[in-house]
Amino acid sequence: MCYLWEFSSHITHRTSHITTMKFYSTKHTAPATDLKEAVIRGLPADNGLYMPELIRPMEDGFFEAAKDMSFPEMAFQLANRLLEGTIESAALKEIVYDAVNFEAPVHFLDEDYACLELFHGPSFAFKDFGARFMARIMSHFVKGSTEKLYILVATSGDTGGAVAQGFLGTPGIEVIILYPSQKISELQEKQLTTLGQNITALEVKGTFDDCQALVKQAFLDEELRAQLRISSANSINIARLIPQAFYYLYAWTQAAKKGKDVVFCVPSGNFGNITAGLIAHKMGLPVKHFVAANNSNDVFTKYHQTNIFEARPSVKTLSNAMDVGNPSNLQRIQDLYQNDIEQIRTHMSAYSFNDEQTKEAMKELYNKYQYLACPHTAVGYLGMKSYFEEHGKGATGVFLGTAHPAKFLDIVEPTLDVKVDIPARLQVLMAREKEAELMPTDYETFRAYLMKLV
Ligand SMILES: *Cc1c(COP(=O)(O)O)cnc(C)c1O
């Protein structure tokens with residue numbers, strides 16, 4: 001047995017021939033750190049993002065062999081290679097098998113197009129993969145500590161639901177979710193406010209920016225932090241990124257059976273999802289090309305065209321989970337490709353689409369394939385189409401289905417003039433009573449609330 005790491009991160013993992021792999025900051029000024037600190041801290045002190053120092057390819061023959069593995073098993077093997085020397089293998093296996101406990105089917109529409117359905121988890125969106133894995137790995141790292149870890153999350157809607165579900169019942173961890181009162185959908189609110197156990201919802205009488213400001217202030221409050229152990233479950237946490245690589249592998253094993261090259265198109269906002277695909281590719285996953293599909297928040301598409309990146313305030317669109325004007329994971333993508341736009345273009349294309357086009361795509365998917373897609377997924381389909389138009393067909397085009405259509409009823413139903421079947425699990429949620437504490441936007445009240453937990 002080799003539990004040495006648990007006691008000292010300075011000792012090299014004896015069963016391994018590589019020394020303890022570190023995580024560096026993409027800004028390169030904060031010190032590199034071990035997995036535990038990268039996960040619990042979330043963000044390096046220099047405001048960069050953590051990345052693994054070493055991304056090694058899988059061993060020869062792995063990808064062929066993976067075609068006969070279960071989803072959790074191939075996911076574990078990928079994670080074990082990437083995280084070798086940072087966490088004990090048996091513990092990692094347990095975490096991965098527990099986190100990856102729902103399907104991610106590739107649904108073929110025809111010979112060319114397929115949708116990778118990532119919405120069969122507890123919150124009906126792909127963020128479940130990241131949230132479930134992060135919750136379990138954090139729980140692993142706080143095991144044995146008598147001090148509780150409080151996770152503070154500000155949400156504009158979707159992230160909160162995935163995080164709440166992901167951490168539900170996780171020992172040693174309490175989750176506090178701040179959401180803007182009356183600015184999220186009823187369904188989103190139910191996802192945050194009806195779970196109970198270790199999940200608490202604070203209904204902030206303000207905007208999402210107010211929620212985020214409160215959380216930020218708490219993190220900057222050294223006096224508070226000396227007494228209360230807090231962490232974030234932000235989408236930029238490396239523990240949320242890594243498990244997203246799993247489903248590219250699983251999707252590839254399903255799509256490659258058709259005997260053609262595989263191209264992935266990812267409806268993108270903060271670019272975490274596609275970054276995970278690029279990491280899987282760096283580990284040898286034989287993907288031909290990646291396509292980033294944006295809505296009208298097209299800063300990445302512009303950057304891809306001009307090599308000039310300009311952040312802009314986000315604009316509201318139908319695919320609102322992608323309304324990001326300054327995608328944080330761009331730093332990681334630039335680091336993966338040595339800041340070389342030509343390398344980025346070699347591996348990735350980028351296209352943007354407006355709301356009108358998004359609605360047309362939803363209609364086309366429905367009329368041509370009888371396929372119900374949420375607006376984000378429809379943007380993914382559009383990106384795949386544009387890629388085929390520019391480069392010709394010949395590959396299997398897998399676009400990522402990032403949310404269940406029933407999560408966006410208010411858009412899907414009027415656009416398609418249909419009634420969407422609501423999954424039973426969502427209906428149960430809708431029937432539950434909301435429980436939330438009202439919170440004004442001033443920091444002092446929020447601080448007093450947190451200090452009572454000490
Ligand atoms: C978060 C989200 C996205 C965007 O993913 P990124 O990793 O931020 O690029 C797309 N679709 C849905 C439904 C989402 O919730």
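Would a scan of the stretch 258-269 turn up a residue that is aromatic (Phe, Trp, Tyr), more than 10 Å from the ligand (Cβ to nearest atom) and open to solvent by less than 10 Å² (accessible area, probe 1.4 Å)? Let's see the steps before the verdict.
To start, the set of residues in the stretch 258-269 that are aromatic (Phe, Trp, Tyr) comprises 264.
If we keep only those that are more than 10 Å from the ligand (Cβ to nearest atom) as well, we get 264.
Imposing the further condition that a residue be open to solvent by less than 10 Å² (accessible area, probe 1.4 Å) reduces the set to 264.
The answer is yes, given that some residue of the stretch 258-269 is aromatic (Phe, Trp, Tyr), more than 10 Å from the ligand (Cβ to nearest atom) and open to solvent by less than 10 Å² (accessible area, probe 1.4 Å).
I need a count of the residues in the stretch 270-286 that are open to solvent by less than 10 Å² (accessible area, probe 1.4 Å) and either more than 16 Å from the ligand (Cβ to nearest atom) or of a type in the set (Lys, Arg) (or both).
Result for the stretch 270-286: 2.
In the stretch 296-317, what residues are open to solvent by 30 Å² or more (accessible area, probe 1.4 Å) and either within 12 Å of the ligand (Cβ to nearest atom) or small (Gly, Ala, Ser) (or both)?
Hits for the stretch 296-317 are SER296, ALA311, SER314.
Which residues, counting only those in the stretch 272-309, are closer than 18 Å to PRO375 by Cβ and in a loop (DSSP other than H, G, I, E, B)?
ASN295, SER296, ASN297, ASP298
Quick check on GLN188: is it open to solvent by 10 Å² or more (accessible area, probe 1.4 Å) and within 16 Å of the ligand (Cβ to nearest atom)? I'd like the intermediate steps shown before the answer.
Working: open to solvent by 10 Å² or more (accessible area, probe 1.4 Å): yes; within 16 Å of the ligand (Cβ to nearest atom): yes.
Judged against the criteria, GLN188 is a match.
Looking at the stretch 131-151, is at least one residue within 13 Å of the ligand (Cβ to nearest atom) and within 22 Å of VAL266 (Cβ to Cβ)?
Start the filter on the stretch 131-151 by keeping residues that are within 13 Å of the ligand (Cβ to nearest atom), which leaves 131.
Okay, now just the ones that are also within 22 Å of VAL266 (Cβ to Cβ), so 131.
Yes, the conditions are met somewhere in the stretch 131-151.
Would you mind stating whether GLY325 is crowded, with 24+ Cβ neighbours inside 10 Å and closer than 27 Å to THR155 by Cα?
Numbers: crowded, with 24+ Cβ neighbours inside 10 Å: no; closer than 27 Å to THR155 by Cα: yes.
Answer is no for this residue.
Being buried (at least 23 other Cβ atoms within 10 Å of the Cβ), over 23 Å from PRO440 (Cβ atoms) and of a type in the set (D, E, K, R) is true for just one of ARG240, ARG229. Which residue is that? Spell out how you get there, then give the answer.
Working: ARG229 fails: buried (at least 23 other Cβ atoms within 10 Å of the Cβ).
Matching residue, one of ARG240, ARG229: ARG240.
So, in the stretch 33-62, of the ones that are over 18 Å from ARG81 (Cβ atoms), among the aliphatic types (A, V, I, L, M) and part of a loop (DSSP other than H, G, I, E, B), which residue ends up most open to solvent (accessible area, probe 1.4 Å)?
ALA45
Find all pairs meeting these conditions: Cβ atoms under 7 angstrom apart; at least six residues apart or on different chains; first residue within the stretch 316-338 and part of a helix (DSSP H, G or I); second residue open to solvent by 30 Å² or more (accessible area, probe 1.4 Å).
LEU330/PHE309; LEU336/LYS282
Every residue in the stretch 128-138 that is among the aliphatic types (A, V, I, L, M) and in contact with a Gly (Cβ under 6 Å, 6 or more places away or on another chain), please.
Step one: list which residues in the stretch 128-138 are among the aliphatic types (A, V, I, L, M), which gives 131, 134-135, 137-138.
Hits for the stretch 128-138 are ALA131, ALA135.
Keeping to the stretch 215-239, report how many residues are modelled with pLDDT of 95 or more and basic (Lys, Arg).
Number of matching residues: 0.
Are there any pairs with C-beta distances below 9 angstrom linking a residue in the stretch 149-163 that is closer than 15 Å to VAL39 by Cα and open to solvent by 10 Å² or more (accessible area, probe 1.4 Å) to a residue that is more than 9 Å from the ligand (Cβ to nearest atom) and part of a strand (DSSP E or B), with the two at least 6 apart or on different chains, and if so which?
Listed by first residue and then by second, the contacts come to TYR150/ILE173; TYR150/GLU174; TYR150/VAL175; TYR150/ILE176; TYR150/ILE230; TYR150/SER231.
Which residue, of GLY259, GLY277, is without any contact (Cβ under 8 Å) to a residue 40 or more places away in the chain and out of contact with any strand residue (DSSP E or B) (no Cβ under 7 Å at 6 or more places or on another chain)?
Values: GLY277 fails: out of contact with any strand residue (DSSP E or B) (no Cβ under 7 Å at 6 or more places or on another chain).
The unique qualifying residue is GLY259.
Show the residue pairs that are 6+ apart or on different chains and have beta-carbon atoms under 7 Å apart, the first residue being within the stretch 98-109 and surrounded by 14 or more Cβ atoms within 10 Å (Cβ to Cβ), the second being hydrophobic (A, V, I, L, M, F, W, C) and in a helix (DSSP H, G or I).
Pairs found: ALA99/PHE133; VAL100/PHE71; VAL100/ALA75; VAL100/PHE246; ALA104/PHE71; ALA104/ALA251; VAL106/ALA251; VAL106/ALA255.
Would you please name the residue that is farthest from ILE87 (Cα to Cα), looking only at residues in the stretch 1-32 that are at pLDDT 50 or above and of a type in the set (S, T, N, Q)?
So the first thing to find is which residues in the stretch 1-32 are at pLDDT 50 or above, and the list is 18-32.
This time we only want the ones that are of a type in the set (S, T, N, Q), so: 19-20, 25-26, 29.
Numbers: THR19: 12, THR20: 9, SER25: 19, THR26: 22, THR29: 25 Å.
Among residues in the stretch 1-32 that are at pLDDT 50 or above and of a type in the set (S, T, N, Q), the one farthest from ILE87 (Cα to Cα) is THR29.
Could you list, in sequence order, the residues of the stretch 323-353 that are in contact with a Ser or Thr (Cβ under 6 Å, 6 or more places away or on another chain) and either away from the ligand (no atom under 15 Å from the Cβ) or not hydrophobic (A, V, I, L, M, F, W, C) (or both)?
Listed by number, the residues that qualify are ASP323, GLY325, ASN329, GLN331, ARG332, ASP335, TYR351, SER352.
Closer than 18 Å to PRO267 by Cβ, in contact with a Gly (Cβ under 8 Å, 6 or more places away or on another chain) and more than 16 Å from the ligand (Cβ to nearest atom): which single residue out of ALA125, ALA114 fits that description?
Numbers: ALA125 fails: more than 16 Å from the ligand (Cβ to nearest atom).
Selected residue: ALA114, the only one of ALA125, ALA114 that is closer than 18 Å to PRO267 by Cβ, in contact with a Gly (Cβ under 8 Å, 6 or more places away or on another chain) and more than 16 Å from the ligand (Cβ to nearest atom).
Just one of the numbered conditions (1) within 14 Å of the ligand (Cβ to nearest atom); (2) of a type outside the set (S, T, N, Q); (3) more than 30 Å from GLN370 (Cβ to Cβ) is not true of ASP158; which one?
For ASP158, the failing item is (3).
Where in the stretch 344-454 are there strands (runs of 3 or more DSSP E), lying wholly inside it, with at least 2 residues that are buried (at least 21 other Cβ atoms within 10 Å of the Cβ) and either among the hydrophobic types (A, V, I, L, M, F, W, C) or out of contact with any Lys or Arg (no Cβ under 8 Å at 6 or more places or on another chain) (or both)?
On the way: elements: 348-352, 396-401, 437-439.
Answer list for the stretch 344-454: 348-352, 396-401.
Checking the condition assigned to a strand (DSSP E or B) and either modelled with pLDDT of 90 or more or more than 24 Å from LEU409 (Cβ to Cβ) (or both), which residue from ILE137, ILE151 passes? Full working, then the answer.
Working: ILE137 fails: assigned to a strand (DSSP E or B).
The match here is ILE151.
Mind listing just one residue for me: the one in the stretch 198-217 that is touching a helix residue (DSSP H, G or I) at 6+ places or on another chain (Cβ under 6 Å) and open to solvent by less than 80 Å² (accessible area, probe 1.4 Å) and, of those, farthest from LEU149 (Cα to Cα)?
VAL204
The values are calculated or read from the model by the stated rules, or taken from the named source; none is laboratory data. Source: prediction; values computed, not measured. Cβ coordinates were reconstructed from backbone atoms using ideal geometry, including for glycine residues, and neighbour counts include every protein chain displayed. Keep in mind that these areas ignore ligands, DNA and RNA; they rest on the heavy atoms of the full protein, side chains included. Shrake-Rupley method; radii C 1.70, N 1.55, O 1.52, S 1.80 Å.
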